[in-house]
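The values are calculated or read from the model by the stated rules, or taken from the named source; none is laboratory data. Predicted model only: the values in this text are computed from it and were never measured. Here Cβ is always computed from backbone atoms with ideal geometry, including for glycine, and neighbour counts include all displayed protein chains. SASA here: full protein model, heavy atoms, side chains in, ligands and nucleic acids out. Shrake-Rupley method; radii C 1.70, N 1.55, O 1.52, S 1.80 Å.
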Amino acid sequence: MEETTPVSSMIRQNGPIKIAAWRLMMEKYQDFMTRFEHEFRTRHGLSANQFDVLINASTSAQVRQRDLLRSLVMSRSALSRLLGKLEGRGLVTQAADPEDHRGVLVALTEAGQKLCAEAAESNGEIIISAFSGLTDAEAEEIFELVSKICPVG
């Protein structure tokens with residue numbers, strides 16, 4: 001079976017290079033997400049979104065659900081469902097915010113902290129492996145170049 005030519009390569013030949021570069025970043029992002037989804041499910045029984053919630057919730061002892069939502073790319077209802085599943089697995093707790101009774105505080109349980117640390121290690125392995133063909137200087141250059149991209153006005 002023949003591999004299809006990535007859209008970024010076709011755009012690079014026929015269109016503006018900046019659009020081709022953006023498309024290539026999107027294709028690489030999708031490759032990473034596919035790998036994360038597979039590895040997190042296989043190794044840890046987590047979806048990539050569940051890992052994202054755990055890693056973002058691990059930054060403090062408790063985090064307000066609304067603050068957690070700002071760090072994630074999902075709707076409030078999707079986050080609520082995801083937190084319900086994680087709570088059902090004993091990985092997080094949810095409690096009313098004593099300072100704002102409309103709010104919810106989320107915290108990782110001990111099991112959640114352990115699983116988050118294990119999955120974070122897998123996350124690092126995937127990224128380091130993907131970047132293994134680059135020197136540190138090349139990775140620094142990519143960081144600097146991508147930092148110059150400004151999608152907002």
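Between S47 and E118, what length comes free when the chain is fully extended (0.36 nm per residue of separation minus the Cα-Cα distance, one decimal in nm)?
Values: separation 71, 0.36 × 71 = 25.56 nm, distance 1.38 nm.
Result: 24.2 nm gained on full extension.
Please give the contour-minus-distance gain from K148 to R64: 0.36 nm per residue of separation, less the Cα-Cα distance, rounded to one decimal in nm.
On the way: separation 84, 0.36 × 84 = 30.24 nm, distance 3.17 nm.
Contour length minus Cα-Cα distance gives 27.1 nm.
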message: Amide H of G103 versus every other amide H placed in the peptide plane: which residues, excluding those fewer than 5 positions away on the same chain, fall under 5 Å?
response: D97
message: In whole Hz and in residue order, list the ³J(HN,Hα) couplings for segment 91-103 that follow from phi through the Karplus curve 6.51 cos²θ - 1.76 cosθ + 1.60, θ = phi - 60°; x for Gly and Pro.
response: 9, 9, 10, 10, 9, 4, 6, x, 8, 8, 5, 7, x
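Considering only protein heavy atoms and a 1.4 Å probe, what is the carbon-and-sulfur percentage of the accessible area of the chain?
Numbers: 6000 of 10700 Å².
C and S fraction of accessible area: 56 percent.
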message: What is the sum of charges, Lys and Arg at +1 and Asp and Glu at -1, for the other residues whose Cβ falls under 15 Å from the Cβ of A111?
response: 0
- line: Long-range amide H partners of V92, meaning residues 5 or more apart or on another chain whose placed amide H is closer than 5 Å, are E87, T109
query: How far apart, in nm, are two points set 7 Å out from the Cα along the Cα-to-Cβ line at I127 and at K18?
result: 2.8 nm
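Work out the length of the dipole vector of segment 31-128 about its Cα centre, built from +1 on the beta-carbon of each Lys and Arg and -1 on the beta-carbon of each Asp and Glu, and round it to the nearest 20 debye. Walk me through the numbers on the way to the answer.
Numbers: 12 positive and 13 negative charges, 69 e Å.
Roughly 340 debye for segment 31-128.
Compute the signed sum of charges (Lys and Arg +1, Asp and Glu -1) over the other residues within less than 15 Å, Cβ to Cβ, of T42. It would help to have the intermediate numbers written out before the result.
Values: positive: R35, R41, R43; negative: E37, E39, E118, E121, E125.
Overall, the nearby charge balance is -2.
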Gyration tensor (Cα) of the chain, equivalent ellipsoid semi-axes in angstrom: 35, 19, 16
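How much accessible area per residue does the chain have, counting only protein heavy atoms and a probe of 1.4 Å, in square angstrom? Please list the in-between numbers first.
Numbers: 10700 Å² over 153 residues.
Per residue, the chain has an accessible area of 70 Å².
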message: Per residue of segment 107-120, what does 6.51 cos²θ - 1.76 cosθ + 1.60 with θ = phi - 60° give for ³J(HN,Hα)? Whole Hz please, x for Gly and Pro, Karplus curve as stated.
response: 9, 7, 7, 4, 5, x, 5, 5, 5, 4, 5, 5, 5, 5
field: By accessible area with a 1.4 Å probe, ligands and nucleic acids excluded, highest first: order of I149, I11
entry: I149, I11
